[in-house]
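The values are calculated or read from the model by the stated rules, or taken from the named source; none is laboratory data. Everything quoted here is computed from the prediction, not taken from an experiment. Note that we place each Cβ from the backbone using ideal geometry, even for glycine, and neighbour counts take in every protein chain shown.
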Amino acid sequence: MAQFGPAQTVPELEQTAKQLRRHVVRMVFEAGSGHPGGSLSAADVVAALYFRVMKHDPASPTWPDRDRFIMSKGHAVPIVYAAMAEAGYFPVSELTTLRKLNSRLQGHPSAKDLPGIEASTGSLGQGLSIGLGMALGLRMDGRSSTVYVMLGDGEIEEGQVWEAAMAAAHYKADNLVAILDRNRFQLDGPTAEIMEVEPVVDKWRAFGWRVLDIDGHAMQQVVHALEVARERTGRPTVIVAHTIKGKGVSYMENNNAFHGKAPTREELERALQELA
Amino acid sequence: MGRPLGMATRQAYGKALVEAGKLYPNVVVLDGDLSKSTMTADFAKAFPDRFINVGIAEANMVGIAAGLATTGKIPFASSFACFLMCKGYDQLRLAVTYAENNVKIVVSHGGISIGEDGVSQMSVEDVALACALPKMVVMVPSDEHCTRQAVLAAAAHEGPTFIRTGRPKAPLVYSAPPADFRIGKAIQVRDGSDVTIIANGLMVAAALDAADILQQRGVGARVLDMHTVKPIDEEAVCRAAYETRAIVVAEEHLSYGGLGGVVAQAAARLRPTRMEFVAIDDTYAESGDMDGLMEKYGLTAKDIVAAAERALAPAKAHPAAVTA
């Protein structure tokens, strides 16, 4: 199995996740807009994928046997850019072009603009279907790749997610792994108030999925779940990752004001201190 | 009228798809529980391992097709025009055309000629929707032979492609697959020097019938099968505007956003000329028999003749000038 770099240990991944979080707050500050909250909640899972679990090659982003990652909640793309830059898909210096004219780092992921971005997302609900198509195509060709799709917990209010969930189980797409970033918030407020999505574990189970229920910030659990999910069991797997929106920056944690708002310069400094 | 009926363009699609499946081992086909109507069932029988029935879930189907395309497949996704284009549009926009994925969308039951099932199953807006997707090639073939060529051209073309097919048996425009079929190049199926009728889909046969009637009245009508709406054949439009005195556009679609608008835009830029339009005028249709519907909603050879005669009549004074 070709794998980019040496697989990081859990303590190394924890440091990497912190580094990615620093990139996120800096990028969003430089852009003057963006979505820090949902990027920070996803940071540990994304770090584990890019620096331990996924087989991929930043020097060859179209390598047919690579694993795929789709950020279906496309507004959290800053964390993906941060991981890609650190992994070597493009220079870290390019991160500050986020959301600016002529940048490859579009406000939401654009597959045609940036090699390594697997799907264009940002209209919520679409990523799981695209990932299922990839999983079916890869299986037809006898490739062993795994497709990971990260969903937001607000995002699963979209009906298309459940169309894809039903179809993935029907087609026994066991090379497809969904990760639900269960940070309990959506744009307008807590999911429990806006649109209750519980019981999420029961819902996925009822749709025929294998469910792994984890603390999405406990790196050991994250790595273990992502690796266990690669087993071919005849069912797709969903990892329900319980997370904290804004994780790692005290004043952003569980503060939905930072769903889609950039920090001020002072706030940035404080965030970088906390993430040092 | 006089033209012999061939098979429905959706049937021709089903057969051409099997041909494409033999030519390209990476062609895969998706359907949303309508394979016996869109005729992808032919492919499902021939290549069961390359057929995916997604159930009644058009949005999911388009997303899956996009994902398949990223793995090097050539996915053809089919459903009724109204369901696929309306329920799958967000996915067409983001997952297919924005990402420039090589997905083929082939819809059946375009237009009002589907008849008795009525408005919920009739698509009068699909061509406009398809044209509003950047990079999407948009084709509306006229008969079984034209459809075969369109499907094989779509399989060979690298990029998102839309083809509209119809439910009823289609009158034959060609006696064999037109060898000169090229995406974006109109086929002149009849020459004439007074007026040019530009049509696609079922309206090409109606245009040929109209040309026969006009001939009896001493008017020579050129007929262009404009099977590709986007990219439009600007050269053919320009030549029609130079070489004949007027253009009539005929399509089984709303008058807004379809072939008429596209041709008018090209003519306005390159060579403004007198134009008339035969299309559905800002309304939905209703249940009924096909011939009755085509007559009630103004989509017959007779309507094309009347439009040609209006276009060729001496220009009237501007209404504002009359009242002044």
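Annotations
- When A:Gly137, A:Gly133, A:Gly107, A:Gly127 are screened for being surrounded by fewer than 21 Cβ atoms within 10 Å (Cβ to Cβ) and either in contact with a Lys or Arg (Cβ under 6 Å, 6 or more places away or on another chain) or under 29 Å from B:Val28 (Cβ atoms) (or both), only A:Gly107 passes.
- Options B:Asp282, B:Asp303; residue that is assigned to a helix (DSSP H, G or I) and among the charged types (D, E, K, R): B:Asp303
- Boolean, B:Val249 is part of a strand (DSSP E or B), closer than 25 Å to B:Ile183 by Cβ, touching a residue at least 40 places away in the same chain (Cβ under 8 Å) and not small (Gly, Ala, Ser): yes
- Checking the stated criteria, A:Asp153 turns out to be in contact with a strand residue (DSSP E or B) (Cβ under 9 Å, 6 or more places away or on another chain) and either of a type outside the set (A, V, I, L, M, F, W, C) or more than 26 Å from B:Leu30 (Cα to Cα) (or both).
- Elements of type helices (runs of 4 or more DSSP H) contained in the range A:1-82, each with 2 or more residues being within 14 Å of chain B (Cβ to nearest Cβ) and surrounded by 22 or more Cβ atoms within 10 Å (Cβ to Cβ): none
- Residues within the range B:278-297 that are surrounded by fewer than 17 Cβ atoms within 10 Å (Cβ to Cβ) and either at pLDDT below 95 or not basic (Lys, Arg) (or both), tallied: 11
- When A:Val161 is tested against (1) free of Cβ contacts under 8 Å to residues at least 40 places away in the same chain; (2) more than 18 Å from the chain's Cα centre (by Cα); (3) more than 20 Å from B:Pro48 (Cβ to Cβ), exactly one condition is not met: (2).
- Of the residues making up the range A:94-130, those that are assigned to a helix (DSSP H, G or I) and within 12 Å of chain B (Cβ to nearest Cβ) are A:Gly127, A:Leu128, A:Ser129, A:Ile130.
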